[in-house]
Structures are given as C-alpha cells and as structure tokens.
Amino acid sequence: MYAESTPGHRGEERRSKGHRGLKAAAWAAAGVVALGGTGAGYMYLKLDGNIESLDIDRVLGADRPEEARNGSENILILGSDTRSGGNEELGGGTGDTSARSDTAMIVHVHEGRTRASVVSVPRDTLVDRPECTGTDGGTHPAARAVMFNSAYTMGGAACAVKTVESVTGLRMDHYLEIDFTGFRKLVDELGGVEVTTGEDIEDPDSHLDLKAGTHRLDGEQALGLVRTRHGVGDGSDLGRIRLQQAFLKALVRQAGEVGVLTGPKKLYDLADTATKAVTTDSGLGSVNALMSFASGLKDITPAGLRMITMPVTYDPADANRVLIKKAEAQQVWNALRNDQPIPKSATEGTATGETRGVVTP
C-alpha cells in the first residue's frame, strides 16, 4: 500500500464475519473493529490514550462540500510513509524525515450499511490542488497540475482531505491514516496473511522476494507486497493499486479465519496495536467512536463491496503521470453523491496497470 517515491513507468468465528466489509475498506482499523464486538470496556481508557486524532473540521472551516444527509458516509483512508522513528528502516528511499501519502482510498458507505464502494486514488495523478490550511496551521497556496500526493507532503492530512474534496465534490465525513510500522505490526498480530502469486516477484527496493506459489506473508513481506511497483507488471502506480486491492481481499479472508475474538490477550494485543497505529479525525478519535462506527457496518460483507481505481489515463507528456478521465470520474462522483452503485461504464477504457491476476487471495 506504500511505494517508493521513485516513479515507475506505464504501464474474519461468527462475530467477526459481520465486520468484514469495514476491514476490507479500512484494514488499518481491523483491531479496533474487532474490539467493537466484545464489549471490553475495561480497556477503553488505555486504548483511548493510544489514538492520535486531528480536528479536520476546525482546520478546514466551512468552505467545504455539503454533507450528504442521505444516510451515507465518506471516509478518506491514507497510508503514509514518514521516514521518522521506526519507519526509517522499513521505508527505504532517502531516509529523510519527510512524510508522503502513497495510498489514498475513498470509502463510501452506502445508506443502510450493507454496501460500500472503495475508490483508490493514484498518487501520480496530476490535479489542481486548492489553497488550504495545513495540519501545521500554515496556509498553502493553490497549484495547478501537481501530483495528488503532494497535498499531504505539503500540508498533511488537512490538505489531503481538502484536495480530495476539491477533486470529487464530495465531503469526507471521516479520515483515517496508518504508517509503515503500524501496518507491519497489524499483519503480524493477525498471524500473517495468505496469498498466491502467479509469478515470481522480486523487488529489492521494497525488500520483497517471492517465488510463484502460495505464501503466508508476515508483516514485513506484506508491506513489501503492497509497496512494490518495480518487481512485477509494468512498474506503474496503477499496477501497485491492483496488488493492494488483491491483498485487501486476502486480509478479509484471514480476518475471518484467524478467530481473533477467542482469547482476551489476543484481542487486547490486536486492539493495542491498531489504536497505536492509526491517526483519525476527531470524530473517530476514541475507542467508543470507532466501536460505534464499526457496529454500524456489521452487515457489510465482501459481496457488498465494490473496489475500483479512479478513472485515469496516462499523461501523453509524461508516462510516469496519469490524468483524470473527467467524464468517467464524474460518473463515479455522481453515483456516490446520490448514494448509487458505481456504473460499469465509469471504468471502461481507463488505464489499469498490468498486474491483474498476479496476486490472488
């Protein structure tokens, strides 16, 4: 779910099953979601202290899209690759302490809480970035035709949310972020995740070396898989997104088989890891809030989950960048705004990368 900054070229045991959809849409919250099914109130105070939250609404103010008020919700999920702290040895790259967001997913939870749509936003998409007040409190000027993930690098989560809202015209009701170390620890707490690779994958940059076949990936291997873009396919960001989406399906299955609710210690360790790993908006900044949110999603199953990549095409002037296909993308945003399924026509003829079938759950 993370990738090197070097550009590429073209290219859930019964109780847990009810929570699968959220896990698929926001794997970073897996332990917190599991906690929501237990009523383990004695842990709340400790776990509340783990969660970092940001008051995105206060920072961005009133100049935002209107709330849908039709029973649906939009959540922006970000994967960040700050090179500070424990992330440096995992991150590769330059070893600096800057942060980037190389993963962005818009999760739309439909009214009734039985279906969700997930739209992955490629980091290499050229967008018009709006002026925004960053998480640091500073004002950052607008810019035209810049990479999408530059919004996070420049102004943190607040500017990332502002940019997504500007591009889509949709209000982000919530925000959730996880980093390298948190992702690795969550996968390890789950006992690893099993995937099958249809071909060898070797990428020294993401520390990944897998022969074709079935593997149970530990946290570091899983991190390598969701970050790789040079070891398989056409090396594109779009191809990496396909790998990420395949991994999410495998994670759903593993969460359904691991039986994380059978032992209090296992539960606590998972919840402790998850709450330390995530940063949220203030609306989700407590275990109570996360539990309430998760319990409202218990009826979402994998069959009710649609995952796509935002419709894009390669930039004729630079094969390392992609441009939004405006007509098709507008079909996606209109569908979500009206709480309707994303039409198949929205993804026809769009750039996809070349990693379909390379990884299967």
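The values are calculated or read from the model by the stated rules, or taken from the named source; none is laboratory data. Bear in mind that the values here come from a model prediction, so they are computed numbers and not experimental data. Neighbour counts are summed over all protein chains in view; Cβ atoms, including those assigned to glycine, are modelled from backbone coordinates with ideal geometry. Just so you know, the surface numbers come from the protein's heavy atoms only, side chains and all, with ligands and any DNA or RNA stripped out. Shrake-Rupley method; radii C 1.70, N 1.55, O 1.52, S 1.80 Å.
One table, with the values for the structure above:
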{"read-out": "In the range 147-159, the residues that are open to solvent by 30 Å² or more (accessible area, probe 1.4 Å) and either touching a Lys or Arg at 6+ places or on another chain (Cβ under 6 Å) or β-branched (Val, Ile, Thr) (or both)", "value": "THR153"}
{"read-out": "Count of the range 297-306 residues which are crowded, with 19+ Cβ neighbours inside 10 Å and assigned to a strand (DSSP E or B)", "value": "1"}
{"read-out": "Looking only at the range 328-349, and only at residues there that are in contact with a Ser or Thr (Cβ under 7 Å, 6 or more places away or on another chain) and part of a helix (DSSP H, G or I), the one that is farthest from PRO65 (Cα to Cα)", "value": "GLU328"}
{"read-out": "Among (1) at pLDDT below 95; (2) open to solvent by less than 50 Å² (accessible area, probe 1.4 Å); (3) in contact with a Leu (Cβ under 6 Å, 6 or more places away or on another chain) - the single one VAL164 does not satisfy", "value": "(1)"}
{"read-out": "Candidates THR273, THR279 - the one that is in contact with an Asp or Glu (Cβ under 6 Å, 6 or more places away or on another chain), farther than 27 Å from ILE342 by Cβ and either of a type in the set (Lys, Arg) or not in a helix (DSSP H, G or I) (or both)", "value": "THR279"}
{"read-out": "Matching residues in the range 119-136 - criterion: being charged (D, E, K, R) and at pLDDT 90 or above", "value": "ARG123, ASP124, ASP128, ARG129, GLU131"}
{"read-out": "Residue in the range 140-156 that is under 22 Å from ALA68 (Cβ atoms), at pLDDT 90 or above and not aromatic (Phe, Trp, Tyr) present", "value": "no"}
{"read-out": "Any pair with Cβ under 9 angstrom, 6 or more apart, that starts in the range 344-361 at a residue that is closer than 14 Å to ALA250 by Cβ and ends at one that is open to solvent by 70 Å² or more (accessible area, probe 1.4 Å) and at pLDDT 70 or above", "value": "VAL358/GLU199; THR360/LYS249; PRO361/LYS249"}
{"read-out": "Selection count, the range 140-157, where residues are touching a Gly at 6+ places or on another chain (Cβ under 9 Å) and outside any helix (DSSP H, G or I)", "value": "1"}
{"read-out": "Qualifying residue in the range 105-118 (condition: within 18 Å of ASN320 (Cβ to Cβ) and either crowded, with 24+ Cβ neighbours inside 10 Å or modelled with pLDDT of 95 or more (or both))", "value": "no"}
{"read-out": "Residue, nearest to LEU238 (Cα to Cα), within the range 112-143, restricted to residues that are touching a helix residue (DSSP H, G or I) at 6+ places or on another chain (Cβ under 8 Å) and of a type in the set (S, T, N, Q)", "value": "SER120"}
{"read-out": "Residue match in the range 110-123 (condition: small (Gly, Ala, Ser) and in a loop (DSSP other than H, G, I, E, B))", "value": "yes"}
{"read-out": "Condition check for ILE56: buried (at least 20 other Cβ atoms within 10 Å of the Cβ) and either basic (Lys, Arg) or at pLDDT 90 or above (or both)", "value": "yes"}
{"read-out": "Test: residue in the range 283-295 that is under 19 Å from the mean Cα position of the chain (by Cα), in a helix (DSSP H, G or I) and modelled with pLDDT of 90 or more", "value": "yes"}
{"read-out": "Test: residue in the range 307-327 that is open to solvent by 40 Å² or more (accessible area, probe 1.4 Å), part of a helix (DSSP H, G or I) and modelled with pLDDT of 90 or more", "value": "yes"}
